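Below is one structure, written out as structure tokens; the observations come after it.
The values are calculated or read from the model by the stated rules, or taken from the named source; none is laboratory data. Just so we're clear, the structure is a prediction, and the values are computed from it rather than from any experiment. Cβ placement follows ideal geometry from the backbone for every residue including glycine, while neighbour counts extend to all protein chains displayed. Only protein heavy atoms, including side chains, enter the accessible area calculation; ligands, DNA and RNA are left aside. Shrake-Rupley method; radii C 1.70, N 1.55, O 1.52, S 1.80 Å.
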Amino acid sequence: MRYLTKQDIEEFAPAGLHPPDELDPAKPLRSAMQRYGIFKQEQLAGRVFPIACVALEITQRCNLDCTLCYLSDLAEAVQDVPLFELERRLDVIHRHYGDYTTIQITGGDPTLRSIPELVKIVEMVKSRNMRAALFTNGIKASRKMLLALSDAGLDDVVYHVDLTQERQGYETEAELNAIRLEYIGRASGLPLRVIFNTTVFDGNFEEIPRLVSFFCDHADAIDFASFQMQADTGRGILRERDSTIITQQTVMAALEKGARTKLGFDHPLVGHPDCNKYTAVMVCGSERTRLFDDEDFFGEVFNKLAILRGNWADTSLMTRKAIGTGLRHPGLLIGGLKFWTRKLWALRRGLLAGKRIHRINFFIHNFMDAERLERERCESCVFMVATAEGPLSMCVHNAKRDEMISKPVRNKDNRIIWNPLPNAEVRFASDTLPLKKMKGRLRKDANQQRKALKKVS
């Protein structure tokens, strides 16, 4: 396998301020996947939607120091992106991908900015008819904050909770379920999709089936669970994963074990199959069954629905559209009736016990190591970052994060309008930061040096 060189990564530029085809926002992604032979019938990206999501990093600051964090070791030196620059980046993203694009309001941890600022950011997203998702470790995401953001139009709250965060007093993922339940409670009753992110590493891999079972047991409150496989970001304490333990195949098997049903991760596809695996489970009491179990039927459904623009995260809306499409196409209607007959039979025990049917989605992200980027996967990326120069593949952005987060923003006249590091002379010099503002390996090395100095003295 030939990976991108440092020069290749340097030359891998954002997509620019204006899309190449404003009439068909899905064309760039679709063309890339066609070039590499992965735009097949089961592919949703580039067909149903032009991009999966775009990360809007509003701060580099964070109140945790995760052992597998992608942030720069010196993230705390970078100033928060001002509102006028965030608004400009949202305009660029909307030009590229249009209505209903999911914007990940992230960081760092975005909740370190004030509630009024977060409300304004959500309002900016919603005023452009895009979806707003708050990505947070949850520590500062209080009920008061979520209520204010929900009133502003927030669609999703995405909690990242796992053992890589080294939260004090929690030794297992099972113990962390207490935090997950607390976070579910904070969003209870609000019109928000609740999503959980989990980093998979050798320290929690054996617990993944039990965690999946926990998510299924709470499918009435949890809409989505994402599992992100360990990758060497070039930062953080941990390095690359043990590939004898953690692979796409072993993680998929762990999810199936926890769900207690075959899941089938190859239909539908969301982007490059080496990057992303997606599936959904229908839960009714203790009964569980795979949602997408008829590839031909769902392939035809997706093709028919692809021409209908809409918010695909709105399950009730898309269900109504699917029913309407079925009524216009008798073959699909018959297929739909057969599908529901199978599902109701599979869930019959739960239904007879008076339980309701809930759906929970599962996603596996196989992020690349910073020094092992594959061009095919980078060019077919469905998870972008909103940079000052347009959207850029998440993995590429992480590979040159220091450069991307420290670059001054210039106007058409090449005049600097915002500088994330106004004191250019300090930039990333480690001796300019106090220990409490260091991250990852830099903090670890500084701690070791200071302990050594104490012993000498």
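Kindly flag which residue pairs out of K304/K338; K6/K454; K140/K444; K140/K451 have an alpha-carbon separation exceeding 27 Å in this structure.
Too far apart for the 27 Å limit: K6/K454; K140/K451.
Any cysteines in the chain with zero other Cys Cβ atoms under 4.7 Å from their Cβ? List them, or say none.
Result for the chain is C53, C62, C216, C275, C284, C378, C381, C395, no neighbouring Cys Cβ within the cutoff.
Can you tell me the FRET efficiency between E171 and K455 if r is taken as the Cβ-Cβ distance and R0 is 30 Å, rounded to the nearest 0.05?
0.50
As a test of understanding, state the convex hull volume per residue of the chain from its alpha carbons, in Å³.
With only Cα atoms used, the chain gives 161 Å³ per residue.
Given a 1.4 Å probe and the protein chains all in place, what does the accessible area of R88 round to, in Å² to the nearest 10?
Accessible area of R88: about 70 Å².
Magnitude of the Cβ-charge dipole of region 174-290, K/R +1 and D/E -1, about the Cα centre, nearest 20 debye?
Here region 174-290 has a charge dipole of around 200 debye.
Which net charge results for the neighbourhood of A346, defined as the other residues with beta-carbon distances under 10 angstrom from its beta-carbon, given Lys and Arg at +1 and Asp and Glu at -1?
Here the count lands on +4.
Given a 1.4 Å probe and heavy atoms of the protein chains only, how would you sort V54, V119, largest accessible area at the top?
V119, V54
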